[in-house]
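Quick note: the coordinates plus some simple rules give every number you see, no bench work behind them. All values reported here derive from a predicted model rather than from experimental measurement. Virtual Cβ from ideal backbone geometry, glycine too; neighbours counted across all protein chains shown.
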Amino acid sequence: MFDRPATGENAILVQLDFGEDDFAERLEEFRLLVTSAGARPLGVVSGRRSAPDSATFAGKGKVVEIADAARLHEADLVVFNHELAPGQQRNLEKALERRVVDRSSLILDIFALRARSHEGRLQVELAQLQHLATRLVRGWTHLERQKGGIGLRGPGEKQLETDRRLLGKRVAVLKDRLKQLARQRAVRRRARVRGEVLAVSLVGYTNAGKSTLFNALTKAGAYAADQLFATLDTTSRRVFVEGAGQIVVSDTVGFIRDLPHALVAAFRATLEETAHADLLLHVVDSASADRDQQMAAVAAVLEEIGAGAVPQLVVWNKIDATGVEPGVEHDDCGNIARVRLSARTGAGLDLLRDALAAAAREHACQARLASA
């Protein structure tokens with residue numbers, strides 16, 4: 001776990017091609033991730049491999065190329081758009097004589113920058129500690145040295161053992177606090193269900209425009225920016241829709257491909273709110289050439305958190321960037337399956353409100369039948 005200066009750092013980006021079809025799109029997303037973390041991408045090192053090298057992931061020749069690029073650009077950081085094993089990360093840092101960060105650590109760092117609420121910060125800290133725990137096995141040299149000192153540790157206990165013990169205690173405390181917050185959220189959710197209020201959650205790939213759409217629907221003024229993971233903390237607002245009354249709309253953290261498992265585990269309580277929603281608005285950046293892969297990544301995360309069966313309405317956002325007209329598309333049963341709109345300009349928002357009103361009326365009818 002590294003503390004990064006707020007002013008940013010000079011970074012060399014490394015992305016290897018293992019035969020994926022969307023290499024260019026992944027690289028562009030990688031640049032945005034690095035920039036979102038506050039670093040300055042100064043160069044990119046790429047290359048094709050059939051499989052990662054067990055010692056350095058990139059192989060000896062590529063490590064030399066990375067080192068040359070780092071010296072040329074006077075970079076103090078090397079970022080891999082891949083998951084590195086602890087041993088690979090240590091070997092790379094030794095060979096490059098620079099800090100090496102992998103994709104999971106990079107995303108964790110961005111989450112740490114974005115977290116604002118108390119719960120969000122607890123979740124990020126838990127994810128960081130769980131990620132760090134995998135790095136304590138045969139860790140760096142300072143973790144293996146035996147140290148003494150009054151009040152520091154028991155006789156013969158190594159720094160590694162102390163770090164692992166203290167880390168375990170902190171993880172237990174964080175999990176207990178998050179469980180308490182989850183119980184409070186469950187109480188609020190039961191009250192909402194009793195009130196027969198339609199619960200709508202915005203989901204989608206990061207930077208798809210969820211927060212902009214949330215603000216357009218609710219006038220909440222939530223933070224929205226053209227950057228990855230601009231929204232981290234879940235925000236909910238009641239919204240009045242013509243012909244149906246009140247509904248609850250929640251803005252959630254954006255998803256991304258290869259989302260670190262530690263983050264999914266730490267944010268599970270928050271993400272499970274999505275699984276308890278009555279309707280998901282799957283916001284898609286229709287202007288992105290990578291939108292199909294992004295939709296698949298969102299579907300994978302929804303399945304992982306148990307929300308794969310929740311009814312969805314696809315919101316085809318950013319039509320102002322594609323020249324497509326606002327409109328609705330229906331499925332084989334005649335139900336609205338997709339709404340084309342621009343959250344930024346407001347074009348097509350009335351169509352989405354009509355779809356939400358229809359969903360709210362159907363939900364209220366089913367709730368009354370169930371209670372009869």
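State, to one decimal in nm, how far the label point of residue 44 lies from the label point of residue 23, with both points 7 Å from Cα in the Cβ direction.
1.1 nm
In nm, to one decimal, how far is the residue 366 label point from the residue 35 one, both placed 7 Å along Cα→Cβ?
A separation of 4.1 nm, rounded to one decimal place.
With 10 angstrom as the radius, rank 74, 93 by how many other C-beta atoms surround their C-beta, starting from the fewest.
So the residues, fewest neighbours to most, are 74, 93.
Could you work out how much longer the chain between residue 172 and residue 345 gets when fully extended? Use 0.36 nm per residue separation minus the Cα distance between them, nm to one decimal.
57.7 nm
Can you check what the net charge comes to around residue 53, using other residues whose Cβ is under 10 Å from the Cβ of residue 53 (Lys, Arg +1; Asp, Glu -1)?
+3
Over the Cα atoms of the range 236-360, what is the Rg over Rh ratio if Rh follows Kirkwood?
Here Rg/Rh amounts to 0.96.
Nearest 0.05, what FRET efficiency do residue 186 and residue 335 give at R0 = 30 Å with Cβ-Cβ as r?
Once rounded, the FRET efficiency stands at 0.50.
Please order 242, 9, 28 by the number of other Cβ within 10 Å, starting at the fewest.
242, 28, 9
Amide H to amide H under 5 Å from residue 45: which residues, 5+ apart in sequence or cross-chain, H placed 1.01 Å off N in plane?
Here 13, 14, 15 satisfy the definition.
Which entries of 94/169; 219/318; 62/94 show an alpha-carbon separation above 23 angstrom in the structure shown?
94/169
Taking neighbour Cβ counts within 10 Å as the exposure measure, how do 175, 210 sort from fewest upward?
Ordered from fewest to most neighbouring Cβ atoms within 10 Å, 175, 210 come out as 175, 210.
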